[in-house]
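The next block holds one structure in the form of structure tokens; read it before the comments.
The values are calculated or read from the model by the stated rules, or taken from the named source; none is laboratory data. Note that the structure is predicted; figures quoted are calculated from it, not measured. Note: ideal-geometry Cβ built from the backbone for every residue, glycine included; neighbour counts use all protein chains shown. Quick note on the areas: whole protein, heavy atoms, side chains included, nothing else; ligands and nucleic acids left out. Shrake-Rupley method; radii C 1.70, N 1.55, O 1.52, S 1.80 Å.
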Amino acid sequence: MDSKLEDVSGIGSATAERMRAAGIDSIQKLAEIDLKDLLKVKGVGKASASKYIKTAKRLLGNKEVKVEVEEVKLDQGQNRDSSKEIAQRPPKREPPQEDLIIESHSETVKFISKFIKSEYLTLEKEKDKYVIKDALQNPIESFKFFTKKELNFVKAILRVSDVYEILEYKDKNLFNYITTSQLKTLEKEGIKVKELESKIQKAITITSILDQLRDKSIKLKEPGEEQKIIVAGLDRAGKTAILTTFGGKLGIDELKNLRPTKKIDRQRISSESLSVYIWDFGGQTSYRKDYLKNPGAYFLDVDLFIYVIDVQDYERFEESFTYLKAILNALEQLQEHPYTLIFIHKYDPDLRKDPDIQLNVEFVKENLKEILLERDFPYEIYLTSIYSVISREPKFSKFIKEMVQQKDLVADPTIDKIEELSKIINKALVAVIKLSESVSTQYMEINQRFDALETKINSIESGAPLVSQPQEESRSVSSSSPPPPPPPPPDPLSTKPIPTPSNRARESGTSLRSSILDELKSLFAKTKEINR
Ligand SMILES: Nc1nc2c(ncn2[C@@H]2O[C@H](COP(=O)(O)OP(=O)(O)OP(=O)(O)O)[C@@H](O)[C@H]2O)c(=O)[nH]1
Ligand SMILES: [Mg+2]
């Protein structure tokens, strides 16, 4: 038996009458109506309107809903080409009926408003919480980014009429559901298939995020929360090594003991005025797939994106470019365009003149420019190596602190603070790299002097007669000099042993000995100064 308008829960006889007067005289019409038109009926509010449409569809069992395709006349399968087997459409799923409840509405609403038309957003305040009604039950038209023609396609071919239904196509290849002749029709209609595909993916991503916000499995960043820096790249690219070096912990032993990062390692770096949260994305294949499948959980609210490519691993350049593109696409879908730093990494000082490495660098740079120029991301590219960075120094946090203190961020309320802070972090990172370069040059110079000293000591050991009382000599050294300075920090550039007190004690010839000691003293003092 046919249902009446009054069978829809919430529609009383008066509302039904007004609807009929407006030409909505059947459940079929109610199910097919545009939300905007239904809202024109007096007494029908946003929240109830979409519920009425939804219920009408349910009463019709969905299948009876005939989608009107006004502009795009798409063949719905009857003229299907025999060469292509069309996959069976995934079964429809019911959307969760709960509302989206948020504690502080500003960020979440701002985020949702980027993608959903305002007329479909019903925001209500309940005590100290905000409630977004029907976010998942809204019709697919509520997405801002689809054109009318594209919507017709989504409704007619994919049979998606409500937001939640788009999730049926999550992790599926859309082209399995479209015939070649439908594709041709799309092109004839001026719809760019690639663009449409990426918009559908975007709709899937945003719907998943709405769903995750609803069940609280993700949360958007509140204003004033720490900056989020994500560091990604293939496995073994050197991400953790870079971060640990910036964090000041890395010595030779730690370097040797680096293990692949499991999933994501999150580190907090705080100073008085700024706090950053660094996400080190383990780069193994299975992890990469997981991040890209669930962009809402990983790529939201990013302030700075660092991508690391191993310049020595030329066999995996293409794989790395593909991963970079996928992350940038995911960020684009979320309408996030963080400042992006690309580290062409493992560009070690000893390899810089190697022609193969030079070629690799040029190849990577060219490809990166191509990838980045066709997207709207502010970016910079750096050549890096952990061997240019001096260990033991917490310079990263020190620099962030100094940079922040230089600039009065809050003085100008018009400054977009987030953006400003991102730039500062960027500057800090750049400063760290530059500083590391200059410090490493100084270290190199010190090493050369150590080498020269070592040669002198060796020549004494091999040629000149040894002094008979080395311990006394040693004592006299310490009494005439300040207490022995601390050993210099491990220097990755140096492979030569540093003179030790025992071989120092074996030197002969007073003047030579004291000149060596003076030189050592000044070198240790200089090392200490650099480390300060
Ligand atoms: N030659 C050279 N080796 C480096 C450099 N940076 C890191 N490595 C080495 O590269 C290897 C991998 O470094 P990791 O930092 O663990 O790599 P990752 O990118 O974090 O790898 P996953 O955690 O698996 O994603 C280690 O053996 C490091 O010692 C560098 O600048 N030059
Ligand atoms: Mg790692």
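Data overview
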| read-out | value |
| --- | --- |
| Computed lengthening from D34 to K148, 0.36 nm per intervening residue step minus Cα-Cα distance | 39.8 nm |
| Pairs beyond 24 Å (Cα-Cα), from K54/K188; K114/K219; K293/K325; K194/K293; K57/K170 | K54/K188 |
| Segment 1-65 pair-distance distribution - Cα-Cα, 5 Å bins, rounded % | 4, 21, 36, 28, 10, 2 |
| Full-extension gain in nm, K117 to K194, via 0.36 nm per residue minus C-alpha separation | 25.4 nm |
| For segment 106-150, convex hull volume per residue from C-alpha positions, Å³ | 65 |
| Hydrodynamic radius of segment 87-179 per Kirkwood, over alpha carbon pairs, in Å | 14.6 |
| Ratio of the Cα radius of gyration of segment 150-250 to 2.2 N^0.38 Å, where N counts its residues | 1.58 |
| Per-residue HN-Hα couplings for segment 319-330 [Karplus 6.51, -1.76, 1.60; θ = phi - 60°; Hz; x = Gly/Pro] | 4, 5, 4, 4, 5, 4, 4, 4, 5, 4, 4, 4 |
| 17 Å reach of a label modelled at N176, 7 Å along Cα-to-Cβ, counting backbone N of segment 200-231 | 201 |
| Whole-Hz couplings from phi, Karplus 6.51/-1.76/1.60, listed for segment 26-35; x for Gly and Pro | 8, 4, 4, 5, 5, 5, 9, 5, 6, 3 |
| 3J(HN,Hα) from dihedral phi, segment 177-194, Karplus parametrisation 6.51/-1.76/1.60, rounded to Hz, x for glycine, proline | 10, 10, 7, 5, 5, 5, 4, 5, 4, 4, 4, 4, 6, x, 8, 7, 4, 5 |
| FRET efficiency, E366 to E332 (Cβ-Cβ, R0 30 Å, nearest 0.05) | 0.90 |
| Spin-label pair K293/E315, simplified geometry with 7 Å Cα→Cβ offset, distance in nm | 2.7 |
| Probe 1.4 Å, accessible area per residue of segment 1-65, Å² | 54 |
| Under-5 Å amide H pairs with I306, H placed in peptide plane, nonlocal only | I230, V231, A232, L341 |
| Whole-percent pair-distance distribution, where bins are 10 Å wide, for the alpha carbons of segment 146-193 | 24, 58, 18 |
| Accessible surface, per residue, of segment 114-257 when the full set of protein chains is kept, probe 1.4 Å, Å² | 41 |
| Sequence-distant residues sharing a close amide H with A135 (under 5 Å, placed H) | L100 |
